[in-house]
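The values are calculated or read from the model by the stated rules, or taken from the named source; none is laboratory data. Note that the coordinates shown come from a computational prediction; the quantities given were computed from them, not determined experimentally. Quick reminder, even Gly has a Cβ in these numbers, built from the backbone with ideal geometry, and neighbours come from all protein chains shown.
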Amino acid sequence: MRVAGIGYRNGAPLASLRAALALAEAAGGQVEALATLPGKRAGLQALAAERGLPLWSVAVAGVATPTQSPRVLAMHGTGSVAEAAALVAAGAGARITVARIIAPDGMATCAIAETKGNSE
């Protein structure tokens with residue numbers, strides 16, 4: 001399973017979410033689902049519907065991530081919402097295949113995780 005975790009700043013436009021996802025998929029391939037924080041789910045519903053992808057809400061506090069943002073760590077208990085959401089949603093044994101990518105306007109981030117053994 002290949003999952004894109006997405007984090008974004010309040011007020012991020014749909015174009016920012018699209019851009020972050022497009023950059024991540026260009027680096028790691030098409031995803032099968034989107035994941036984010038429960039409080040951010042509403043902001044991603046349009047993108048999930050547009051892409052025909054399931055959207056999962058996941059808890060990320062305490063999840064170790066390859067990249068670290070001190071601001072995000074203080075707010076959410078993990079170094080990267082995008083990476084942590086992708087890892088949790090992809091399930092046991094998941095690994096990051098695309099580390100956090102930032103949309104050109106800085107309003108959204110996206111990372112991709114896959115469960116081991118998934119290849120296309």
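Annotations for the structure displayed:
- Residue tally, condition of a type in the set (Ser, Thr, Tyr), out of contact with any strand residue (DSSP E or B) (no Cβ under 7 Å at 6 or more places or on another chain) and surrounded by 13 or more Cβ atoms within 10 Å (Cβ to Cβ), over region 61-120: 3
- Hey, Ser57 polar (S, T, N, Q) and surrounded by 18 or more Cβ atoms within 10 Å (Cβ to Cβ) or not: no
- Figure legend. Inter-residue proximity from region 51-76: first residues among the aromatic types (Phe, Trp, Tyr), second residues modelled with pLDDT of 95 or more, beta-carbon distance below 7 Å, spacing 6+ or different chains. Indicated pairs: Trp56/Ala33; Trp56/Ala35; Trp56/Ala89.
- Residue, surrounded by the most Cβ atoms within 10 Å (Cβ to Cβ), within region 37-49, restricted to residues that are in contact (Cβ under 8 Å) with a residue 12 or more places away in the chain and out of contact with any Lys or Arg (no Cβ under 8 Å at 6 or more places or on another chain): Leu44
- In this structure, Ala4 does not qualify as crowded, with 20+ Cβ neighbours inside 10 Å, outside any helix (DSSP H, G or I), over 11 Å from the mean Cα position of the chain (by Cα) and touching a residue at least 60 places away in the same chain (Cβ under 8 Å).
- Given (1) of a type outside the set (Gly, Ala, Ser); (2) within 15 Å of Ala12 (Cα to Cα); (3) touching a Gly at 6+ places or on another chain (Cβ under 6 Å), index of the condition Lys116 fails: (2)
- Of all the residues in region 79-94, those that are touching a Ser or Thr at 6+ places or on another chain (Cβ under 8 Å) and either at positive phi or modelled with pLDDT of 95 or more (or both) number 11.
- Only one entry of Ala59, Ala113, Ala33, Ala90 meets the criterion of being of a type outside the set (Ser, Thr, Tyr), out of contact with any Lys or Arg (no Cβ under 9 Å at 6 or more places or on another chain) and more than 16 Å from Ser16 (Cα to Cα), and that entry is Ala59.
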